[in-house]
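Report on the structure given below.
Any read-out appearing in this document is the output of simple, stated calculations on the displayed coordinates, not a laboratory observation. Remember, it's a predicted structure, so these values are computed and weren't measured experimentally. Here the Cβ positions follow ideal geometry from the backbone for every residue, glycine too, while neighbour counts run over all protein chains shown.
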Amino acid sequence: MCLTGVLDDCFCDIESIDVFNNFKIYPLIRQLIERDFFRYYKVNLKRPCPFWPDDGQCAIKDCHVEPCPEVRVHRFLLHYSKAVNTMTEMEACEQAHELGAINSTLSNQSKEAFEDWARHDDAQDNFCELDDETSPDADYVDLLLNPERYTGYKGPSAWRVWNSIYEENCFKPRSVYRPLNPLTPSRGEIRLSLSLFMFALGLCLEKRVFYRLISGLHTSINIHLCAQHLLDEGWGKALWGPNVQEFRRRFDPAETKEEGTRRLKNLYFLFLIELRALFKVAPYFERTFINLYTGNTQEDSITKDLLLQIFNETKGFPMHFDEKSMFAGHKLEAKRLKEEFRLHFKNISRIMDCVGCSKCRLWGKLQTQGLGTALKILFSEMEIKNLPEHSPSKGFQLTRQEIVALLNAFGRLSTSIKELHNFSTLIKEHR
């Protein structure tokens, strides 16, 4: 299965994005997100779902985040230690929460380092605190110890989350129903899904863009689950890898009545949006006094050099999405649409607290915040243009967590596009 052609709502072809990402962006972003600044993400996984009683948890110990034995420490920061995934046979619900449990391994030295990071950030005018970061329930999580992959979290609880996102937040009429499980639609549900797509085409650009962003995020997450699927759990050790059958079930044009193709195109569209945000925010990070602080001068220098390399690559991409086409109408209408964007996205962020699997909730919150940060950047063009060269600005600021989320979320999209190439190769080999 090979995706080709020009994307809607922009003048860019898929083949150009593939070459740009797979050979230029992906190798750099993979290195960047393994650096200490980007591997630790502070998140509150204990916030209750604000919309309905939490019915996605199982009453077993593996549903909760438990402390793990300390890993080795290099200087005062952790370096990655490969965790052995062990599990016994269990009911489907128990298995899902075993696989979805968070590895919360952090040494005392790492915790001391995070306190130092916080003191540094508090002293910087260019950083501001988010409510979630100041919560006593917010903790640092090592993203390398908690990779995004299949956890077994599925069924009504999982679909309820995505249904809520689509039904309540995607600028579509409430008369259009999205099936509980869109991967196995009936004929009537297929017609409804196509009706939703046709309606999306009739939306104004701003609302159509928002819908495609959510669909692209959903697609990217599903690709990660297919690429890191549980293939075998024999002898007490789990084996993870690409599941071609699951991928085809979700995205093959013949098996999805062409829905899979549209989903994949929305992934590319989301990639372009976040790529554009990186291009626009480059001046913020290119100022000499901006550093990605961890307390290790050499580490910080390497990390910033990698980030600047990525920014330089974004400047060479010739087919960026033109965000000026959005909110370009009457000022009052544009202001209303921007506020609608903000409120819809804020609501989606809150829905992520309803995800019943801890690991799924972690990556859902991170990627949602990353996309939210990208939108914040695109809506702050004048503030970024007016940044002072040698001093902080109160007009535009990014918190540490926004920076970590932005680059990790973009890294997830870059990985998804790379995985599409891998799946295309595997499908050809299976023929």
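Points to keep in mind about this one:
- Extended-chain gain in nm, criterion 0.36 nm per residue less alpha-carbon gap, S325 and E167: 54.3 nm
- A protection proxy built from the mean count of other Cβ atoms within 10 Å ranks the segments 274-282, 142-150, 2-10, most packed first, as 274-282, 142-150, 2-10.
- Pair S301, T4: separation of 7 Å Cα→Cβ label points (nm): 4.8
- Listed peptides 396-408, 307-319 by packing density, highest first (mean Cβ within 10 Å): 396-408, 307-319
- Segment T261..R342, full-extension length gain: 26.3 nm, with 0.36 nm per residue of separation and the alpha-carbon distance subtracted.
- FRET E, pair F11, W235, Förster distance 56 Å, beta-carbon r, rounded to 0.05: 0.60
- Shape analysis of region 274-431 places it in the rounded category; the axes a ≥ b ≥ c from the Cα gyration tensor give an a/c below 1.5.
- Inter-label distance, nm, simple model (7 Å from Cα along the C-beta direction), N312/M382: 3.4
- Inter-label distance for Q245 and S349, nm, one decimal - labels placed 7 Å from Cα along Cα-to-Cβ: 4.1
- Theoretical gain in end-to-end length, E34 to L426 [0.36 nm per residue, Cα-Cα removed]: 138.4 nm
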